[in-house]
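Note sheet for the following structure.
The values are calculated or read from the model by the stated rules, or taken from the named source; none is laboratory data. Keep in mind that what you see is a predicted model, and the values were worked out from it rather than measured. Quick reminder, even Gly has a Cβ in these numbers, built from the backbone with ideal geometry, and neighbours come from all protein chains shown.
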Amino acid sequence: MGKERLDKLLAATGRWSRREAKELIRQGRVLVDGAAAGSGEEKADPAASEILVDGLPLGYREYTYIMLHKPAGVLTATEDRRQRTVLDLLPPELRRRGLSPVGRLDRDTEGLLLLTNDGALAHRLLAPRSHVDKVYYARVDRVLGPADQAAFAAGITLEDGLVCMPAELKLLGDGSEVLVTLHEGKFHQIKRMIASRGGAVCYLKRIAMGPLALDPALDRGEYRALTEEEVVKIGGKP
């Protein structure tokens, strides 16, 4: 990535603000290749130099990738004056990294949400030509059957004239629980598709997005960094 200002590199980890980073450097607590850094304006390449803070490696990564189990009642947004957003579920050091949600989940929908500051990756994942499959688990207020599966597979036309791409509807149990795989992402799409078949969604949860599956160990509102393997799978930079 080349050389960057030290205060910027420290702040980019999310652990310190630019002001705090400059103070660490002023106190002589930041070493670059064994020598105390002179100022925040000093430049270094984290890929080529050893940068230590209080004797520990800086652990700098250009991009951050977070898997969040979004709970219901939280907005998929970066900020809102009146309601809690998904970024409010993260600690300050991660919020300072400039993360944004990749796509959105409705306020009352739970499940997998990817947060990252890798804008190029987010654009690729959301681009229509990428056709990133999204898998949802839904509970419905009526039993769905083979006719509904055929309608989803053919591509449903909604009341407002929107023609949905063909989607997969997998019946679970008696058919009041289903898995829906979408190849696109329209506003309230699953709810509207189910409504067109005479039903209503009682509960909706996204469980997968492309090759990324929601970690079953994450409870609602919990998060973790993606593993290097997961980052590679979705086309990010480990």
Segment 130-238: strands (runs of 3 or more DSSP E) wholly inside it with 1 or more residues that are without any contact (Cβ under 8 Å) to a residue 40 or more places away in the chain and surrounded by 14 or more Cβ atoms within 10 Å (Cβ to Cβ) are 168-172
task: Restrict the check to segment 35-47 and report whether at least one residue is among the polar types (S, T, N, Q) and closer than 29 Å to K191 by Cα.
output: no
Apart from one, (1) free of Cβ contacts under 8 Å to residues at least 24 places away in the same chain; (2) touching a Leu at 6+ places or on another chain (Cβ under 7 Å); (3) not hydroxyl-bearing (S, T, Y) all hold for E50; the odd one out is (2)
Checked L24, L94, L105 against criteria (within 28 Å of I234 (Cα to Cα) and modelled with pLDDT of 90 or more); the one match is L105
**Message:** So, T64, is that one β-branched (V, I, T) and touching an Asp or Glu at 6+ places or on another chain (Cβ under 7 Å) or not?
**Reply:** no
- Out of all the residues in segment 84-95, is one or more in contact (Cβ under 8 Å) with a residue 60 or more places away in the chain, out of contact with any Gly (no Cβ under 8 Å at 6 or more places or on another chain), in a loop (DSSP other than H, G, I, E, B) and surrounded by 19 or more Cβ atoms within 10 Å (Cβ to Cβ)? no
Given (1) buried (at least 18 other Cβ atoms within 10 Å of the Cβ); (2) under 23 Å from T64 (Cα atoms); (3) of a type outside the set (A, V, I, L, M, F, W, C); (4) more than 13 Å from the chain's Cα centre (by Cα), G111 misses just (4)
**Request:** Determine if segment 181-193 includes at least one residue that is of a type in the set (V, I, T), within 19 Å of T76 (Cα to Cα) and at pLDDT 95 or above.
**Result:** yes
Subset of segment 1-24, residues farther than 18 Å from E93 by Cβ and surrounded by 13 or more Cβ atoms within 10 Å (Cβ to Cβ), comes to K3, E4, R5
Counting only strands (runs of 3 or more DSSP E) wholly inside segment 23-70, the ones holding at least 3 residues that are closer than 30 Å to G111 by Cα are 65-70
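Matching residues to (1) touching a Gly at 6+ places or on another chain (Cβ under 7 Å); (2) of a type outside the set (A, V, I, L, M); (3) in the same structural domain as D118 (by TED's automatic domain parsing):
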residue	(1), (2), (3)
A11	no, no, no
G14	no, yes, no
V32	no, no, no
A36	yes, no, no
A47	no, no, no
L52	no, no, no
